[in-house]
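**Student:** Before I ask anything, here is the structure I am working with.
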Amino acid sequence: MPQNEYIERHRKLHGKRLDHEERTRKKAAREGHKASENAQNLRGLRAKLYAKERHHQKIQMRKQIKQHEERNVKGAAAEKDPSEPIPAYLLDRANPTSAKALSSQIKSKRAEKAARFSVPIPKVKGISEEELFKVVKTGKKTHKKGWKRVVTKPTFVGPDFTRRPVKYERFIRPMGLRYKKANVTHPTLNVTVQLPILGVKKNPSNPLYTQLGVLTKGTIIEVNVSDLGMVTASGKIAWGRYAQITNNPENDGCLNAVLLV
Amino acid sequence: MATLQPPPSKRQKRAEIELTSTQQDVAPLLATDLGSGKFCFVDSDGNQLADVVEIDFAQTTEKNLSTLVNTLLERDREDFTPYRFRIHIPGTELIVDQFPTDLLGLLKKHGVTNPFETTITLSAEPQSVFKVHAVSRMAHKITGHGQPILACQFSPVSSSRLATGSGDNTARIWDTDTGTPSQTLKGHTGWVLGVAWSPEGKQIATCSMDKTVRIWDPVSGKCSGEFKGHAKWCLAVAWQPYHLWRDGTARLVSASKDGTARIWVVNTGRTEHVLSGHKGSISCVRWGGLDQIYTGSHDRTIRMWNAEKGTLVHTFTAHGHWINHIALSSDYVLRTGYFDHTKDIPETEEGKKAKAKERFEKAVKINGKVAERFATASDDFTIYLWDPTNNGTKPVARLLGHQNKVNSLAFSPDNSILASAGWDNATKLWNARDGKFLHTLRGHVAPVYQCAFSADSRLLVTSSKDTTLKVWNVRTAKLARDLPGHEDEVYAVDWAPDGNCVGSGGKDKAVRTWKN
């Protein structure tokens, strides 16, 4: 293979082919057909690679289209009255409202007593101990004693946890089922962010599960919201905030939660 | 468990009794003879106040020096003014703002080898004779508005009346003494974006999203005038200073998003002039004491207009982005007109005007000349200080340091300090004379929206998006009080002209008043 740009050199010396423009036009015109053919007929690893590439292309395309759309509507939107009253010095600004956390509407709702203790998922199915724990029967001594358990559900284990000696370890929380992060949705802003978990506040099924950090549907966890820029009533940046798990993590392999505000 | 100390022994007890029963010799506790130095007192313009005097270094406390200056100026004891001193280090350009406990040590530290034979210059800055206490508690939380509060201002007459404008299309007047609503000013059909008391305290002007300006009587709550004419939202309003009122009527200027400002005759509702020329929305308007109107606009220019003729005097172009706010060095005196801390109000109209004018001229005098200065804050992260009387369209100083948009400015009532609040969560203090940076006040965790000085210029209150108000000691640049209590962003804050009360309002719809 020639190592330099031989096509460019050839073009400089002899010019393009006479039908170059036509060929490029036709090639571009056939691009869709070609893509479709590839998508339908490629098999195996090539199909995977192709699909992945195409996936990325489509993402880029959508992003670009969205940008164009935003640019187009901007002029019209600026003329529109803002929805919520703001002072004169904030008018005409593209306010980054998404980071704004505690809307006054939710605050006033919380002031009502009934709403104060309400959570998005009020009732959950209880989980029995038989379902949650599997008896460990391996080994001669454990087999005889029969008090060692493996937790079969996802758990949260603190960052500085070290397992106890085998002789004393009653509950084993498997590494594969441990979670550190949750996809937390802000209910009013409709944004979802992945946030580190700080701890398990309450597992409604059983206080023992709270102690073990078992993550099931309806569990209240504390998440680190320092990135969101929320503030507490005294004007400090809020660090931890409670969220409730909304999915069955053992089925989905991920942790979805909704922020309690 | 903590270790218990054994009880004192008999000998220790006896020694203690003996120590308390005998007279102590205080002589070694008093300062020893440190020697004396020559001191020259100058005022803030650099003029010498009195002859050079020789003072013992042991006696050089700020309080003693203040008394000495008053005595040298042959004042009566009743007329004594407290002074603050700034120390000019001899042989250098250096000026120390903070008066130290050990003056001799400070001089030696700055390399003055023989302070006993050099003359030390102290610039004496008069402080206000009254002192405002930092507000420390929420006196009242008054609900009433149905939407966020967008603007608030205290009456110039006293701190008992506070006017607020809200997103529920009303303005309301509150009695801050009892914490009760006084009047509801209904009539606007859009959010009330600005409220302004007239300098004599008998009228209120409000401007609104419905493109109109209305005049209200604060006692009866009746609307006495509706001024239509703007083509878009009316964003700001400013009254004519009291000493310029003529033909028996006040005038006011309103700024609008349509790029014009209009001067209205209040009694008749006639548009006297339309100040057009700006190419963008006018964000801020001020009426200066020399009958000039200043408008700052989103088209990056500030314009100065002759208010009587309605003609353009100067265009100031230095900013690179929107102008957010204009502050006049005379803001406080123009707002309060003829009211001051002495509470004696002239009886005749002429007397009131004369007093207002005298107060204005006293406040803005620099080096013996009346020079009204103004500062402008912009989205380009800078502040400019202007002196149109002496410098024309050239800025006095460009104040750099903010790391984000600057939202609000305030001159201290004694005109020595300029405070600026910005989106970088910081409030900065600048010397209002030359624009030198003094301090940064950090503490807020979200953009600072507004700031207001107390009447004695010693305290500053800032309101922020982080739901708190903070009171700062201007001199030490330390947080004096943290005032949490709002449940949401605080959009508007004002310190009453007599210093008794701070009023604030924001997104949580309740007006709060703060007292000492």
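**Student:** Quick test for you: out of B:Val219, B:Val192, B:Val213, pick the one residue that is open to solvent by 10 Å² or more (accessible area, probe 1.4 Å) and either among the β-branched types (Val, Ile, Thr) or modelled with pLDDT under 90 (or both).
**Tutor:** Only one candidate qualifies: B:Val219.
**Student:** In the stretch B:495-511, what count of residues is obtained for those that are crowded, with 24+ Cβ neighbours inside 10 Å, away from chain A (no Cβ under 11 Å), not aliphatic (A, V, I, L, M) and not in a loop (DSSP other than H, G, I, E, B)?
**Tutor:** Residues flagged as crowded, with 24+ Cβ neighbours inside 10 Å, away from chain A (no Cβ under 11 Å), not aliphatic (A, V, I, L, M) and not in a loop (DSSP other than H, G, I, E, B) within the stretch B:495-511 amount to 3.
**Student:** From the list A:Thr210, A:Thr192, which one is of a type outside the set (A, V, I, L, M, F, W, C) and either in a helix (DSSP H, G or I) or modelled with pLDDT of 90 or more (or both)?
**Tutor:** A:Thr210 is the lone residue from the list that is of a type outside the set (A, V, I, L, M, F, W, C) and either in a helix (DSSP H, G or I) or modelled with pLDDT of 90 or more (or both).
**Student:** Against the condition open to solvent by less than 10 Å² (accessible area, probe 1.4 Å) and assigned to a strand (DSSP E or B), how does B:Cys207 come out, does it pass?
**Tutor:** Yes, satisfied.
**Student:** Let me ask something else about it. Scan (1) out of contact with any Lys or Arg (no Cβ under 9 Å at 6 or more places or on another chain); (2) within 14 Å of another protein chain (Cβ to nearest Cβ) for the single condition B:His110 breaks and write down its number.
**Tutor:** Single failed check for B:His110: (2).
**Student:** From the list B:Ala238, B:Ala231, which one is within 14 Å of another protein chain (Cβ to nearest Cβ), closer than 22 Å to B:Ser158 by Cα and out of contact with any Pro (no Cβ under 9 Å at 6 or more places or on another chain)?
**Tutor:** The unique qualifying residue is B:Ala238.
This table checks each residue for (1) aromatic (Phe, Trp, Tyr); (2) over 15 Å from the mean Cα position of the chain (by Cα); (3) within 14 Å of chain A (Cβ to nearest Cβ).
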{"site": "B:Ser378", "(1), (2), (3)": "no, yes, yes"}
{"site": "B:Leu385", "(1), (2), (3)": "no, yes, no"}
{"site": "B:Leu400", "(1), (2), (3)": "no, yes, no"}
{"site": "B:Gly443", "(1), (2), (3)": "no, yes, yes"}
{"site": "B:Asp456", "(1), (2), (3)": "no, no, no"}
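**Student:** Restricting to the stretch B:222-240, give me the number of residues that are surrounded by fewer than 22 Cβ atoms within 10 Å (Cβ to Cβ) and without any contact (Cβ under 8 Å) to a residue 40 or more places away in the chain.
**Tutor:** 5
**Student:** Please go through (1) closer than 26 Å to B:Thr315 by Cβ; (2) free of Cβ contacts under 8 Å to residues at least 60 places away in the same chain; (3) open to solvent by 20 Å² or more (accessible area, probe 1.4 Å) for B:Leu244 and return the number of the only condition it doesn't satisfy.
**Tutor:** Only one criterion in (1) closer than 26 Å to B:Thr315 by Cβ; (2) free of Cβ contacts under 8 Å to residues at least 60 places away in the same chain; (3) open to solvent by 20 Å² or more (accessible area, probe 1.4 Å) is unmet by B:Leu244, namely (2).
**Student:** Let me ask something additional. State which residue is farthest from B:Ala371 (Cα to Cα) when the search covers only the stretch B:402-423 and only residues that are away from chain A (no Cβ under 14 Å) and open to solvent by 10 Å² or more (accessible area, probe 1.4 Å).
**Tutor:** Step by step, filter the stretch B:402-423, then rank; the result is B:Gln403.
**Student:** Turning to a different aspect of this structure: Would you pick out the residues in the stretch B:143-152 that are surrounded by fewer than 23 Cβ atoms within 10 Å (Cβ to Cβ) and either farther than 16 Å from B:Asn169 by Cβ or not small (Gly, Ala, Ser) (or both)? Before you say what the answer is, go through the steps one by one.
**Tutor:** The initial filter retains those residues of the stretch B:143-152 that are surrounded by fewer than 23 Cβ atoms within 10 Å (Cβ to Cβ), namely B:143-144, B:146-147.
Passing the criteria: B:Thr143, B:Gln147.
**Student:** Related question: For the stretch B:458-476, which residues satisfy the criterion of being open to solvent by 20 Å² or more (accessible area, probe 1.4 Å) and either within 12 Å of B:Ser408 (Cβ to Cβ) or more than 14 Å from every other protein chain (Cβ to nearest Cβ) (or both)?
**Tutor:** B:Arg458, B:Asn473, B:Arg475, B:Thr476
**Student:** Okay, moving on. Of the residues A:Val166, A:Val157, A:Val136, which is surrounded by 14 or more Cβ atoms within 10 Å (Cβ to Cβ) and modelled with pLDDT under 90?
**Tutor:** Going through A:Val166, A:Val157, A:Val136 in turn, the sole match is A:Val136.
**Student:** I'd like to know if the stretch B:259-267 contains one or more residues that are touching a Lys or Arg at 6+ places or on another chain (Cβ under 8 Å), on the phi < 0 side of the Ramachandran plot and of a type in the set (D, E, K, R).
**Tutor:** no
**Student:** Among the listed residues A:Ile221, A:Ile197, A:Ile237, which satisfies the condition of being in contact with a strand residue (DSSP E or B) (Cβ under 8 Å, 6 or more places away or on another chain), under 22 Å from A:Pro122 (Cα atoms) and either within 14 Å of chain B (Cβ to nearest Cβ) or in contact (Cβ under 8 Å) with a residue 60 or more places away in the chain (or both)? Reasoning before the result, please.
**Tutor:** On the way: A:Ile197 fails: either within 14 Å of chain B (Cβ to nearest Cβ) or in contact (Cβ under 8 Å) with a residue 60 or more places away in the chain (or both); A:Ile237 fails: under 22 Å from A:Pro122 (Cα atoms).
Being in contact with a strand residue (DSSP E or B) (Cβ under 8 Å, 6 or more places away or on another chain), under 22 Å from A:Pro122 (Cα atoms) and either within 14 Å of chain B (Cβ to nearest Cβ) or in contact (Cβ under 8 Å) with a residue 60 or more places away in the chain (or both) holds for just one of A:Ile221, A:Ile197, A:Ile237, which is A:Ile221.
**Student:** Is it the case that the stretch A:169-178 has a residue that's surrounded by 11 or more Cβ atoms within 10 Å (Cβ to Cβ), charged (D, E, K, R) and closer than 30 Å to A:Val261 by Cα?
**Tutor:** Yes: the stretch A:169-178 contains one or more residues that are surrounded by 11 or more Cβ atoms within 10 Å (Cβ to Cβ), charged (D, E, K, R) and closer than 30 Å to A:Val261 by Cα.
**Student:** Hey, any hits in the stretch A:198-206 for a residue that's of a type in the set (D, E, K, R), closer than 28 Å to A:Val150 by Cα, open to solvent by 10 Å² or more (accessible area, probe 1.4 Å) and assigned to a strand (DSSP E or B)? Show your work before the answer.
**Tutor:** Initially, the stretch A:198-206 is screened for residues of a type in the set (D, E, K, R), giving A:201-202.
Add one more test, that the residue is closer than 28 Å to A:Val150 by Cα, and what stays is A:201-202.
Those left that are additionally open to solvent by 10 Å² or more (accessible area, probe 1.4 Å): A:201-202.
Those still in the list that are assigned to a strand (DSSP E or B) too: A:201-202.
Yes: one or more hits.
**Student:** Does the stretch B:85-135 hold any residues that are closer than 23 Å to B:Asn47 by Cα and open to solvent by less than 20 Å² (accessible area, probe 1.4 Å), and which are they?
**Tutor:** Listed by number, the residues that qualify are B:Phe85, B:Ile87, B:Ile89, B:Leu103, B:Leu107, B:Pro115, B:Ile120, B:Leu122, B:Ser123, B:Ala124.
Yes/no per residue for (1) assigned to a loop (DSSP other than H, G, I, E, B); (2) out of contact with any Phe, Trp or Tyr (no Cβ under 7 Å at 6 or more places or on another chain):
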{"position": "B:Ala255", "(1), (2)": "no, yes"}
{"position": "B:Ala261", "(1), (2)": "no, yes"}
{"position": "B:Gly269", "(1), (2)": "yes, no"}
{"position": "B:Leu275", "(1), (2)": "no, no"}
{"position": "B:Ser283", "(1), (2)": "no, no"}
{"position": "B:Arg286", "(1), (2)": "no, no"}
{"position": "B:Tyr294", "(1), (2)": "no, no"}
{"position": "B:Arg303", "(1), (2)": "no, yes"}
{"position": "B:Leu312", "(1), (2)": "no, no"}
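**Student:** Shifting gears a bit: Assuming B:Thr342 fulfils every condition listed in (1) over 24 Å from B:Asp97 (Cα atoms); (2) among the polar types (S, T, N, Q); (3) under 16 Å from the mean Cα position of the chain (by Cα) apart from one, which condition is it?
**Tutor:** (3)
**Student:** What tally of residues in the stretch B:157-189 results from selecting those that are away from chain A (no Cβ under 14 Å), surrounded by fewer than 24 Cβ atoms within 10 Å (Cβ to Cβ) and not in a strand (DSSP E or B)?
**Tutor:** Within the stretch B:157-189, residues that are away from chain A (no Cβ under 14 Å), surrounded by fewer than 24 Cβ atoms within 10 Å (Cβ to Cβ) and not in a strand (DSSP E or B) number 8.
**Student:** Looking at the stretch B:369-389 only, could you name the residues that are open to solvent by 10 Å² or more (accessible area, probe 1.4 Å) and either at pLDDT 90 or above or more than 21 Å from B:Ser128 (Cβ to Cβ) (or both)? So that I can check it myself, show each step before the final result.
**Tutor:** In the first step, residues of the stretch B:369-389 are kept if they are open to solvent by 10 Å² or more (accessible area, probe 1.4 Å); the result is B:369-370, B:373, B:379-381, B:384, B:388-389.
Passing the criteria: B:Lys369, B:Arg373, B:Asp379, B:Asp380, B:Phe381, B:Tyr384, B:Pro388, B:Thr389.
**Student:** Further, regarding this structure: Might you let me know whether the stretch A:240-260 holds any residue that is within 13 Å of chain B (Cβ to nearest Cβ), open to solvent by 10 Å² or more (accessible area, probe 1.4 Å) and either touching a residue at least 40 places away in the same chain (Cβ under 8 Å) or assigned to a helix (DSSP H, G or I) (or both)?
**Tutor:** Among the residues of the stretch A:240-260, not one is within 13 Å of chain B (Cβ to nearest Cβ), open to solvent by 10 Å² or more (accessible area, probe 1.4 Å) and either touching a residue at least 40 places away in the same chain (Cβ under 8 Å) or assigned to a helix (DSSP H, G or I) (or both), which makes the answer no.
**Student:** Give me the residue from the stretch B:357-368 that is open to solvent by 30 Å² or more (accessible area, probe 1.4 Å) and of a type outside the set (D, E, K, R) and, out of that set, farthest from B:His439 (Cα to Cα).
**Tutor:** Taking the candidates together, the pick is B:Gly368.
**Student:** Provide a single number: the residues in the stretch B:284-338 that are of a type in the set (A, V, I, L, M, F, W, C), more than 14 Å from chain A (Cβ to nearest Cβ) and either touching a Lys or Arg at 6+ places or on another chain (Cβ under 9 Å) or within 23 Å of B:Asp258 (Cβ to Cβ) (or both). Let's see the steps before the verdict.
**Tutor:** Let us first name the residues in the stretch B:284-338 that are of a type in the set (A, V, I, L, M, F, W, C), namely B:284-285, B:287, B:290, B:293, B:302, B:304-305, B:307, B:312-313, B:316, B:318, B:322-323, B:326-328, B:333-334.
Narrowing further to those that are more than 14 Å from chain A (Cβ to nearest Cβ): B:287, B:290, B:293, B:302, B:304-305, B:307, B:312-313, B:316, B:318, B:328, B:333-334.
Checking the rest, the ones that are also either touching a Lys or Arg at 6+ places or on another chain (Cβ under 9 Å) or within 23 Å of B:Asp258 (Cβ to Cβ) (or both) come to B:287, B:293, B:302, B:304-305, B:307, B:312-313, B:316, B:318, B:328, B:333-334.
Result for the stretch B:284-338: 13.
**Student:** Tell me which residues, restricted to the stretch B:325-356, are surrounded by fewer than 17 Cβ atoms within 10 Å (Cβ to Cβ) and touching a residue at least 24 places away in the same chain (Cβ under 8 Å).
**Tutor:** Hits for the stretch B:325-356 are B:His341, B:Ala354.
The values are calculated or read from the model by the stated rules, or taken from the named source; none is laboratory data. Because the structure is predicted, anything quoted here is derived from the model rather than measured. A quick note on method: Cβ atoms are made from the backbone with ideal geometry, for glycine too, and the neighbour counts reach across all protein chains shown. Ligands, DNA and RNA are excluded from the accessible area calculation, which covers all protein heavy atoms including side chains. Shrake-Rupley method; radii C 1.70, N 1.55, O 1.52, S 1.80 Å.
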